[in-house]
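J.: Shown below is the structure under consideration.
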Amino acid sequence: MAPARRRTVRALTAALAASALLAGCGGAEEAPASIVRTSACAVSAPSGFADAGVGAAVLEQVRGAVRQGLVDTTSTQRVSTPAQTQAALERFTSDGCTLTLLVGSGGAGALSQVAQEAPDRAFLAVGAGIGDDRPDNVLTVDFDLRDSAFLAGYAAAHATRTGAVAVSASTGQAGGEDLLAAFDEGAAAAQEADDDLEVRVVQAGMTEARTVEDTAAAGQEWARAATEEGADVLVPFGSASPQGVVEHLAALAQELEERDDAEDADEGDDAPDTEAREDLPYLIWTGSDGSKTLAGPVRKQVIASIVPQVGLGMRAVLTGWPGDDGDPLALLEVDGEPADASQEAMPEVVGGLEVRSREAVGDLDNGGVELVVSDGVLSQLTGLGRAVADGRELLDGQPAEGD
């Protein structure tokens with residue numbers, strides 16, 4: 001869990017002015033003393049901002065802050081290497097960005113180096129797992145997904161038709177080995193609770209604990225190997241590698257659609273297919289509700305989604321960040337205990353911004369992470385929500401390993 005130095009502060013008293021969206025950072029006009037002119041610049045490493053995941057969620061949060069007048073100007077850049085990450089962070093810093101965000105597991109080292117050289121600026125790492133060894137001007141929003149991974153394993157065991165499921169974690173994924181272990185525990189717990197279940201977690205051709213490089217190509221290769229070994233529920237954790245899993249499922253769907261075209265034409269059936277296909281693997285997605293955010297036929301295969309509440313996390317750290325869902329204090333600790341509204345702390349200013357806390361961690365218990373079971377999939381999965389609820393009851397009786 002996060003260290004005891006998390007703290008809460010009073011609500012923001014200074015108004016923040018609005019300007020143009022995606023107009024670039026820096027160069028803001030001089031404002032009255034009561035107005036804080038704020039620019040937000042974001043770097044996503046390595047999956048980008050159209051990932052149906054944390055990158056997309058952060059971009060939407062920044063755009064929402066612009067609409068609310070809390071941020072003047074924004075700029076974004078996708079990077080794929082540590083060198084590109086550092087160059088982008090350095091450029092945004094030299095441009096005068098008030099708040100520079102790093103999204104994803106890539107580039108944590110570069111962020112610390114750039115932040116150390118710019119102590120008058122504020123930096124926020126979202127889902128980067130940057131750890132405690134960082135400059136004081138680096139704020140963090142992270143998500144503990146261990147309980148979610150347990151429930152993903154539990155759900156996968158109930159959903160599989162072949163008796164084989166597969167999970168992977170990308171290099172750089174925070175707590176990746178713990179997520180793999182938690183998934184295995186969830187699948188095992190489902191079998192213990194139901195004697196009719198016989199499930200195996202396939203290795204998908206991997207020899208290194210099912211860890212894959214965080215690239216789309218590696219994710220695609222893993223998904224192909226997993227399906228060839230019979231897995232019909234795929235659960236990828238990572239930033240860029242899950243995009244390759246989506247690409248693999250989309251390619252499979254395309255092949256099946258082309259195969260079925262002639263048959264559909266003969267039957268005169270031109271109605272759109274709105275159900276999951278029994279001959280395609282199911283998917284448990286992380287980052288957003290994949291049944292709504294993923295493209296084309298892949299969204300129909302999503303049976304559950306692990307959804308980090310990025311906005312809630314940003315509200316927990318940044319005083320005055322827009323949004324009214326959930327309790328941001330629930331993601332914080334004071335003196336090692338969960339914060340509550342009765343606790344007061346002096347406002348803290350980091351890089352010119354007033355903050356509630358230097359760090360926040362969301363999980364299933366505090367509302368910082370949600371697990372959404374998809375509606376409208378195949379009829380044999382209508383009891384999946386109940387199964388997940390049963391798994392949650394098991395979790396409540398056995399704390400996650402390491403707590």
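J.: For ALA125, which sequence-distant residues (separation of 5 or more, or a different chain) have an amide H within less than 5 Å of its own amide H, given hydrogens modelled in the peptide plane?
T.: So ALA125 has HN proximity to LEU102, LEU139, THR140, VAL141.
J.: Then there is this: Can you order the peptides 88-96, 299-307 by their average number of other Cβ atoms within 10 Å per residue, highest first?
T.: Values: 88-96: 19.7, 299-307: 24.7.
Top to bottom by mean Cβ count within 10 Å: 299-307, 88-96.
J.: What ranking, highest mean first, results for peptides 61-70, 41-50 when packing means the other Cβ atoms within 10 Å averaged over each residue? Before the final figure, lay out the partial values.
T.: Working: 61-70: 18.8, 41-50: 25.4.
Highest mean packing first, the order is 41-50, 61-70.
J.: Please compute the contact order of region 102-190 in relative form: average sequence separation of alpha-carbon pairs under 8 Å and at least six residues apart, divided by the residue count, as a percent. Show your work: numbers first, answer last.
T.: On the way: 124 pairs, mean separation 24.5, N = 89.
Over region 102-190, the number comes to 28 percent.
J.: Specify whether the C-alpha gyration tensor of region 113-223 places it in the rounded, prolate or oblate class, a ≥ b ≥ c being the square roots of the eigenvalues: rounded for a/c under 1.5, otherwise prolate if a/b is larger than b/c and oblate if not.
T.: Details: a/c = 3.83, a/b = 2.19, b/c = 1.75.
Because a/c hits 1.5 or more and a/b exceeds b/c, region 113-223 counts as prolate.
J.: Under a Cβ-Cβ cut-off of 11 Å, what is the net charge of the residues other than TRP285 that fall near it, where Lys and Arg count +1 and Asp and Glu count -1? Kindly include the intermediate steps, with their values, before the conclusion.
T.: On the way: positive: LYS292, ARG299; negative: ASP51, ASP289.
That works out to 0.
J.: How long are the three semi-axes of the equivalent ellipsoid of region 56-101, in whole Å, if each is the root of 5 times an eigenvalue of the C-alpha gyration tensor, listed from largest down? Could the numbers behind the result be given before it?
T.: Details: eigenvalues 92, 35, 7 Å².
Ellipsoid semi-axes (Å, largest first): 21, 13, 6.
J.: So, one more: Could you please state how large a percent of the accessible area of region 212-258 is carbon and sulfur, counting protein chains only and using a 1.4 Å probe?
T.: Numbers: 800 of 1700 Å².
Roughly 47 percent of what the probe reaches on region 212-258 is carbon or sulfur.
J.: If you take the beta carbon distance between THR382 and GLN68 as r and set R0 to 35 Å, what does 1/(1 + (r/R0)^6) give as a FRET efficiency, to the nearest 0.05?
T.: 0.30
J.: When all C-alpha to C-alpha distances in region 169-251 are sorted into bins of 5 Å, what percent of pairs does each bin hold, rounded to whole numbers?
T.: Binned Cα distances yield the sequence 3, 16, 24, 25, 18, 10, 4, 1.
The values are calculated or read from the model by the stated rules, or taken from the named source; none is laboratory data. Keep in mind that this is a model prediction, so the values were computed, not measured. Neighbour counts are summed over all protein chains in view; Cβ atoms, including those assigned to glycine, are modelled from backbone coordinates with ideal geometry. Only protein heavy atoms, including side chains, enter the accessible area calculation; ligands, DNA and RNA are left aside. Shrake-Rupley method; radii C 1.70, N 1.55, O 1.52, S 1.80 Å.
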